[in-house]
1. On a full-extension model of 0.36 nm per residue, what is the gain between LYS678 and THR643, subtracting their alpha-carbon distance, rounded to one decimal in nm?
2. Run a plain Debye calculation on the stretch 532-621 (Cα atoms as equal point scatterers, no solvent) and give log10 I(q)/I(0) at q = 0.16 Å⁻¹, rounded to two decimals, same order as the q list.
3. Under a plain spin-label model, where a point goes 7 Å from the Cα along Cα-to-Cβ, how far apart in nm are ASN439 and GLU635?
4. Nearest 0.05, what FRET efficiency do LYS601 and ARG448 give at R0 = 25 Å with Cβ-Cβ as r?
5. With the cut-off at 1.5 for a/c, could you classify the stretch 608-684 from its C-alpha gyration tensor as rounded, prolate or oblate?
6. Taking the dipole about the Cα centre of the stretch 471-546, with the C-beta of Lys and Arg at +1 and of Asp and Glu at -1, give me whichever of ILE542, ALA511, GLN493 is farthest to the positive side.
7. How high is the FRET efficiency from LYS252 to LYS208, r the C-beta distance, R0 22 Å, rounded to 0.05?
8. Checking the a/c ratio against 1.5 first, then a/b against b/c, what shape does the Cα gyration tensor give for the stretch 1-159?
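The values are calculated or read from the model by the stated rules, or taken from the named source; none is laboratory data. The model shown is predicted, which means the values in this text are computed figures rather than measured ones. All Cβ positions, glycine included, derive from the backbone under ideal geometry; neighbour counts span all protein chains shown. We work out accessible area using only protein heavy atoms, side chains counted, and drop any ligands, DNA or RNA first. Shrake-Rupley method; radii C 1.70, N 1.55, O 1.52, S 1.80 Å.
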Amino acid sequence: MKTTILGLPNSYDFLIKKAVEGFWAGENSENEISKARYKVYNHNSGLQESLDLPVENDFDIYDRLLRTAVNFGLTPKRFGEIKKLEDYLSIPRGKQDAEASPMVKWFNTNYHVVQPEIEKLPELSENWRLKGTDQNKKFALIGPWTFLAYSVNRTNYSKEELFEKLSDEYVKLINGLPNKIIQLEEPSFLTQGLPDFYSKFLEKIKKKVHLHVYFGAVNDFSEKLFKLPVEGFGLDFVDGENNLNLLSHFPKDKILIAGVINGRNVHKISSRNKRTLDSILEKISKEKLYISPSSSLMHVPLSAEGEKVNFSFAVEKIKEINNIKKGAAIYEEVSLEEVELPEKFFYRAGHAYWVSEVPYPTTTIGSFPQTKEVRKKRNLLKEGEISNEEYEQFIKEQIKNCIKKQEELDLDILVHGEFERNDMVQYFAENFEGFTAINGAVQSYGTRYVRPPVITGSIVRKNPVTLKWSKYAQSLTKKPVKGMLTGPVTMVQWSFPREDISKEAQYYEVAKALREEVNDLVKAGIKHIQIDEPAIREGLPIDKSKREHYLKHAINAFRSVFYQVPNQAVIHSHMCFSEFPEIMNAIKQMNVDVLSIEDSKAKGKTANSLKEGGFPASIGLGVYDVHSPRIPEVEEIIKIPLTLNLDPKKIWLNPDCGLKTRGEEAYLQLAKMMEAVKLLREKK
Ligand code: GLN
Ligand code: ZN
């Protein structure tokens, strides 16, 4: 039995983040970025010394997919020739005259890749050619099929034609590398199938290939997969438990790289991992077996040293893998407890969808700009430099100011501004029992990192969480103030969930805590309550056979948060993504009065597809992009609702997400939106 991993985070000491952001701020040269990269490479190499097969080219200074695109010369024309790091980094960031490339979620993780835009045929770049440095390390590459699955094709070539050309360039790159083994990653076989022509590509490779399919089981295409001409296959036995059943026809002459420990969670190994390994060993001989985490370790923080609880991050997982090989692993005795999921269908009995009295009602998504001052106060409170009273007084002033500004803008439904929250998940996690906060960070995209809380026990609401802020905000105005909560699915999706009970069971636990909060808000006279669920789409399992179960319980748990509210309460939800088709039926069953969506980039298309899908309630149109400081034109805003053939009283106008990361320009943007609304109402 041998050991390996698929990849490590790039977060060591945040050297890369600091160098890249420092470069953008004009504080250091490009050279510092290369130096940081080199230091991280050395550090990560050191961590892998104990492994039989270490990996390289497994991380990038910004995003591996972007780096692969540049390596094959596939950059959009609007950025001109990519000469320097500055040009490279401008692709995800945008330039004055060139809009940034879009970002999309990497499968069902919370990591975002930069979407390649293909405008010409691929050609291996001399300048940006990826280089291997150590023949004894395997060289990690996102495979051509997955690369194409994530790309936008703006050429006249078909996907198959592009594949033919691209895969030839891959062959050139791979055959020119010093490395003996290539880790070729093709998770898109799970979502787009395994094409017949794939084996022709592999035949041209003169290296040993370890072909990896992670994030699910290779159910539908295992026979075809196992016939491919490679040295070995990497399979995921954590997110793809059913891979165990497919091993009976695993080819005897091939190597299996078995993902036996969870690369995407932080709990220590347990007796479940042991059982998985034992079942694998019944079918695969030790000589043909590598053990590894199920995916790259970029989805967990680097080291758990100094954390409150003994979690297993990347460094610890390498130790676990080594210990398993040595027979020295300590498996915690946990088994998946079958928590019964409620049979009850939670919904608001006798509820009629609420409709606004004014046409084109207006609101925002919740957060207002979090100034440096707000973050500073929070830090001072954390460090004990200021008292709780002083902090609360400060937050109240922020709320007061925010309400005043919204009244001046003449918005219809106001919000308190979320100044008390560092992050929409972290804030509730800190206030509910059952979550443990961590210091370690996980890359979310580019130079951005998040600290997902860990679910370590039963979730309980100890005290009301948002009540005092909502009550205070409402006391300042005659207009309704929306209560603001993070939904149960998003709370679990953006945390590290427990592994001893199902995710679905955890949705219901969080939902119960939130239900208590909702009931308190209603009692306090808060009429409008928004429950954000931006992660529902992302949580959709890759394995199609698991989708129905997931959606049924995700939506039921969501509804259970508010099923007890009286009829006159108005429930809003917000989702910032625009791929509804696959989950349309579930969305229709959310039972909310208003659903606000991101629709500025799709220019109303998303709302239209919702309407055509028979969505029964009002739609909150995200009419401009909050991720940009640009002030939208009134005409652009007006166009979006006008393309919809919907009752204006059922169309809300709002920004497409929270305003938290914006500065003062947020108020100018909102003013444009209000100008647009005025014109729309006059037209009526
Ligand atoms: N209410 C949250 C906010 O306004 C929603 C954020 C989100 O959808 N990601 O910040
Ligand atoms: Zn959003």
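1. That pair, LYS678 and THR643, stretches by 10.9 nm at full extension.
2. Log10 I(q)/I(0), no solvent term: -0.63.
3. My value for the distance between the label points is 5.5 nm.
4. E between LYS601 and ARG448, to the nearest 0.05, is 0.80.
5. oblate
6. ALA511
7. The formula returns an efficiency of 0.80 here.
8. Oblate shape, in that a/c is at least 1.5 and b/c is the bigger or equal ratio.
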